[in-house]
Amino acid sequence: MLSTFGAAAAAAALLLAGSAAPTPMARVGDEPPTGKITIDVATVNGSGCRPGSAAVAIAPDNTAFTVTYSEYLAQAGGDSKPTDARKNCQIALNVHVPQGFTYAIARADYRGYASLAPGAKGLEQAGYYFQGSQETNRKRHTFSGPYDTNWQTSDETDIDALVYAPCGEQRYFNINTELRVDATAAKPSATSFMAMDSTDGSINTLYHFAWKECPAPGKK
């Protein structure tokens, strides 16, 4: 699963306002911890992902994780239903990191496939946040027909803008993604679609960790 990183989405999150958690200290080189990291899917909701249709895997070097979907496709035109034009998926992840460390999401990479008739448009967007905080501004990527090939996008957060999970606190990391297809300006008989997909029929969303070391208990 980690060798075929497919569709991906993006970004970083805001911390709980006024949190009393200690401020993390930058670790030299931002090297990932050597301890074990585990990520469990707590909840999955949305028209683009049924419960049980998402799985998570950790990169061996602790620098990234992959969310794999078994279905995620929006389409419009032809015999499509109006509700097919917009699909979304919200996933809550329970991320367990080695003691003494915290993380942020520095970059997310997306890849999928789109078939858009002339005049049709596609949209992929995503927002992310830690439990108890406000969702980040969604990052949007648009595509215009005619288009019939793989698509790939990346969202990256500047180092000084990274927002880290509170040290010593366990909060779900929420991923909220969306696909849309607008075929109102295309030929009515033409079907257009946009998918987070890969050659093996799965969707792999790759998120890149940024690491910091938390201060010792009692220090800020």
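The values are calculated or read from the model by the stated rules, or taken from the named source; none is laboratory data. What you are looking at is a predicted structure, and each value in this text was computed from that prediction instead of being measured. Every residue, glycine among them, receives a Cβ derived from its backbone with ideal geometry; neighbour counts consider all protein chains shown. Surface areas here come from the heavy atoms of the whole protein model, side chains and all, with no ligands, DNA or RNA. Shrake-Rupley method; radii C 1.70, N 1.55, O 1.52, S 1.80 Å.
Here are some notes:
- Dipole-positive endmost among ASN174, PHE143, SER133 within the stretch 106-180 (Cβ charges, Cα centre): PHE143
- Kirkwood hydrodynamic radius over Cα pairs of the stretch 36-211, then Stokes diffusion coefficient at 20 °C and 1.002 mPa s, in µm²/s: 126 µm²/s
- Cross-link pairs LYS139/LYS212; LYS139/LYS187; LYS121/LYS212 - those with Cα-Cα distance over 32 Å: LYS121/LYS212
- Ranked by how many other beta carbons lie within 10 Å on average, peptides 65-71, 97-103 from highest: 65-71, 97-103
- Per-atom-type breakdown for the stretch 33-157 gives carbon and sulfur 46% of the accessible area (1.4 Å probe, protein chains only).
- Relative packing of 119-129, 153-163, which averages over residues the other C-beta atoms within 10 Å, highest first: 119-129, 153-163
- Gain in span if fully extended, ASP148 to ASN94, counting 0.36 nm per residue against the direct Cα distance: 15.8 nm
- Listed by chain and number, the aspartates and glutamates whose alpha-carbon sits under 14 Å from that of LYS36, ignoring those within fewer than 8 places in the same chain, are ASP61.
- Label-zone membership for the stretch 89-124, site THR38, 7 angstrom Cα→C-beta point, backbone N under 19 Å: 92-103
- Average accessible surface for the stretch 36-211: 45 Å² per residue, computed with a 1.4 Å probe over protein heavy atoms with every protein chain in place.
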